1. Taking into account only those residues within segment 34-80 that are among the small types (Gly, Ala, Ser) and crowded, with 19+ Cβ neighbours inside 10 Å, which is farthest from Thr148 (Cα to Cα)?
2. Going through segment 56-70 one residue at a time, which ones are among the aliphatic types (A, V, I, L, M) and either more than 12 Å from Asn169 (Cβ to Cβ) or part of a helix (DSSP H, G or I) (or both)?
3. Tell me, which residue of segment 124-177 that is β-branched (Val, Ile, Thr) and free of Cβ contacts under 8 Å to residues at least 60 places away in the same chain is surrounded by the most Cβ atoms within 10 Å (Cβ to Cβ)?
4. Of a type outside the set (S, T, N, Q) and more than 30 Å from Pro10 (Cβ to Cβ), is that true of Arg146?
5. Please report, ordered by residue number, the strands (runs of 3 or more DSSP E) entirely within segment 1-50 with at least 1 residues that are over 23 Å from Lys110 (Cα atoms) and at pLDDT below 95.
6. Could you check segment 69-114 and list, in sequence order, the residues that are farther than 19 Å from His12 by Cβ, in contact with a Leu (Cβ under 6 Å, 6 or more places away or on another chain) and aliphatic (A, V, I, L, M)?
7. So for segment 39-61 (the condition being aromatic (Phe, Trp, Tyr) and either over 14 Å from the mean Cα position of the chain (by Cα) or over 18 Å from Ile126 (Cα atoms) (or both)), does at least one residue qualify?
8. Would it be correct to say that Asp106 is under 29 Å from Ser183 (Cα atoms), out of contact with any Ser or Thr (no Cβ under 6 Å at 6 or more places or on another chain) and without any contact (Cβ under 8 Å) to a residue 12 or more places away in the chain?
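The values are calculated or read from the model by the stated rules, or taken from the named source; none is laboratory data. On a predicted model such as this, the values are computed, not experimentally measured, just so you know. Note: ideal-geometry Cβ built from the backbone for every residue, glycine included; neighbour counts use all protein chains shown.
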Amino acid sequence: MGTVYSHLLPKHEEFIRKQRIFFVGSAPLSSDGHVNISPKGHDVLRIFSPNEVAYLDLTGSGNETSAHLKDNSRITFMFLAFEGPPMILRLYGKGNVILPGTPEWDNMAKHFDILPGSRQIIHAKIETVKTSCGFSVPFYSYDGERDTLQQWAHNKSEQDLEDYRKKKNSISMDGIVTPIGESFGNINKIKES
């Protein structure tokens, strides 16, 4: 069953800060929609309070989390102990998307090292924290960060990145227009391309 908390304890925050990877889960309200689980690497997660976290989201080939947050705001974070004592830590909450060029971005971005390809910040208010045993999670060793995504973004112009996001990050696989898609304006043209 695990143990349920209403907020992060200091020991949870310490555990999170040691992790090199975390996972984000989201889903649309529609029963026909897809549940999405997305791995996140690099030093992109920040803890603002026992009930508030955010991460810097980098450009990728999809944008499901952003679409699902727009649809219903539900988000789950999962952290796993790949070394040391076993544990799984999940954060359940409500999230929102913060785009560059907004006052919210200016306020939040100062807490991050803005990496090449940064496209948005995912911000979440945490309602429930749950720990479970993690006894079946295998040991893995950390060899380092991949720089492939950052190199890819570094070699693109701002226009190239905007064109890529317009094509790949504007609409989810379930047809939900993302906040990035909304920022481009003419949604019908994006849907047709």
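1. As a first pass, look at segment 34-80 and keep what is among the small types (Gly, Ala, Ser): 38, 41, 49, 54, 60-62, 66-67, 73.
Checking the rest, the ones that are also crowded, with 19+ Cβ neighbours inside 10 Å come to 54, 66-67.
Numbers: Ala54: 23, Ser66: 22, Ala67: 25 Å.
The selected residue is Ala67.
2. Narrowing segment 56-70 to residues among the aliphatic types (A, V, I, L, M): 56, 58, 67, 69.
Those that are among the aliphatic types (A, V, I, L, M) and either more than 12 Å from Asn169 (Cβ to Cβ) or part of a helix (DSSP H, G or I) (or both): Leu56, Ala67, Leu69.
3. Filtering segment 124-177 down to residues β-branched (Val, Ile, Thr) leaves 126, 128-129, 131, 137, 148, 171, 176-177.
Add one more test, that the residue is free of Cβ contacts under 8 Å to residues at least 60 places away in the same chain, and what stays is 137, 148.
Working: Val137: 13, Thr148: 8.
Step by step, filter segment 124-177, then rank; the result is Val137.
4. Details: of a type outside the set (S, T, N, Q): yes; more than 30 Å from Pro10 (Cβ to Cβ): yes.
Yes, satisfied.
5. Details: elements: 3-5, 22-26, 36-40, 45-49.
It comes to none.
6. The one that is farther than 19 Å from His12 by Cβ, in contact with a Leu (Cβ under 6 Å, 6 or more places away or on another chain) and aliphatic (A, V, I, L, M): Val97.
7. From segment 39-61, those aromatic (Phe, Trp, Tyr) are 48, 55; that's our starting set.
From what's left, either over 14 Å from the mean Cα position of the chain (by Cα) or over 18 Å from Ile126 (Cα atoms) (or both): 48.
Looking for residues that are aromatic (Phe, Trp, Tyr) and either over 14 Å from the mean Cα position of the chain (by Cα) or over 18 Å from Ile126 (Cα atoms) (or both), one finds at least one in segment 39-61, hence yes.
8. Details: under 29 Å from Ser183 (Cα atoms): yes; out of contact with any Ser or Thr (no Cβ under 6 Å at 6 or more places or on another chain): yes; without any contact (Cβ under 8 Å) to a residue 12 or more places away in the chain: yes.
The answer is yes for Asp106.
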